[in-house]
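Only one structure is covered here, and it is reproduced in the block below.
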Amino acid sequence: MAGPREECRALAIALGLLTRIPVRVRGDISAATLGRSLHWYPAAGLAIGLLLMLLAALLPDVGLLAAAVIVAAWVAITGALHLDGLADCADAWVGGMGDRERTLAIMKDPACGPMGVTAIALALLLKVAALAALLAGPAAVAWWLVPLAARTLLPLAFIGLPYVRQGGMGDGLAANASKPGLALAAGLVLGILVLGLPVQLAALWLAVALAAFALWRHGVRRRLGGFTGDCAGALVELVEVALLVASAFFISGFAQ
């Protein structure tokens, strides 16, 4: 069982990978510590959400502009890591024309094609519009929990599907992950969502997130037989967009 020092190192690894929060991990990183970082991914999402909530509290009430600033900060805090994955997957899924090797080759290409640009534009547009509706909504919605919920699905991807890019960032993570740590993290996240959201909205989030994950899993399994880091980034973006849009529609119906 890992001690507090190794858990802190695992948390720092998760923050360093999923955010641009300045953290430093000293010394060599063992495979076990790297694997344990997986159950800290939701904590990285919570850190992102708390920073965004603080920014929202400091901003004046300027409607759509406030939503745009928050989304811009969202991108900055994550270093556009997941948007890059979404763009690569969009290019690869269209350009790959159903072929596994061609799809993997396109995802590895750093250039961003028209489908990738379109995917990024649509994701940001939907995020800004949905967030603007939530900020102006009649009921308080803990939208800042969205990054937490989305990153909670990443460990599920790693333990439920093979990682197909040998030598990639996620290679070997699942084999060294702490199953009790993953279960504890999932339970804590579920508790936070139940306490932080109205019951109906929490149920909606769970349904939307699981549906998005199931569709993503079906797509990557059918095309690649597993997933890559880019696919994981696309999953985060798709779930974030889906949760924000679903929440906005929920609030709209609640106000009527």
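See the values below:
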item	result
Hits in the range 208-256 (condition: polar (S, T, N, Q) and either touching a strand residue (DSSP E or B) at 6+ places or on another chain (Cβ under 9 Å) or within 15 Å of residue 81 (Cα to Cα) (or both))	228
Residue among 133, 186 that is farther than 30 Å from residue 64 by Cα and surrounded by 14 or more Cβ atoms within 10 Å (Cβ to Cβ)	186
Failed criterion for residue 184 (all others in (1) under 22 Å from residue 82 (Cβ atoms); (2) touching a residue at least 40 places away in the same chain (Cβ under 8 Å); (3) not basic (Lys, Arg) hold)	(1)
Number of the exception - residue 140 against (1) in a helix (DSSP H, G or I); (2) at pLDDT below 95; (3) of a type in the set (A, V, I, L, M, F, W, C)	(1)
Within the range 44-101, tally of residues that are closer than 15 Å to residue 20 by Cβ, part of a loop (DSSP other than H, G, I, E, B) and without any contact (Cβ under 8 Å) to a residue 12 or more places away in the chain	1
Cβ pairs under 8 Å, 6+ apart, first in the range 1-23 and farther than 14 Å from residue 151 by Cβ, second crowded, with 19+ Cβ neighbours inside 10 Å and acidic (Asp, Glu)	none
Within the range 100-127, tally of residues that are more than 14 Å from residue 238 (Cα to Cα) and of a type in the set (A, V, I, L, M)	7
Filter pass, residue 203 being crowded, with 18+ Cβ neighbours inside 10 Å, out of contact with any Ser or Thr (no Cβ under 8 Å at 6 or more places or on another chain) and free of Cβ contacts under 8 Å to residues at least 40 places away in the same chain	no
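Rundown of residues vs (1) buried (at least 21 other Cβ atoms within 10 Å of the Cβ); (2) farther than 30 Å from residue 55 by Cα; (3) of a type in the set (Asp, Glu); (4) touching a Cys at 6+ places or on another chain (Cβ under 6 Å), yes/no style:
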residue	(1), (2), (3), (4)
101	no, yes, yes, no
113	no, yes, no, no
118	no, no, no, no
127	yes, no, no, no
154	yes, no, no, no
192	no, no, no, no
207	no, no, no, no
210	no, no, no, no
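The values are calculated or read from the model by the stated rules, or taken from the named source; none is laboratory data. This one's a predicted model, so the numbers in the text were calculated from it and none came from an experiment. Note that we place each Cβ from the backbone using ideal geometry, even for glycine, and neighbour counts take in every protein chain shown.
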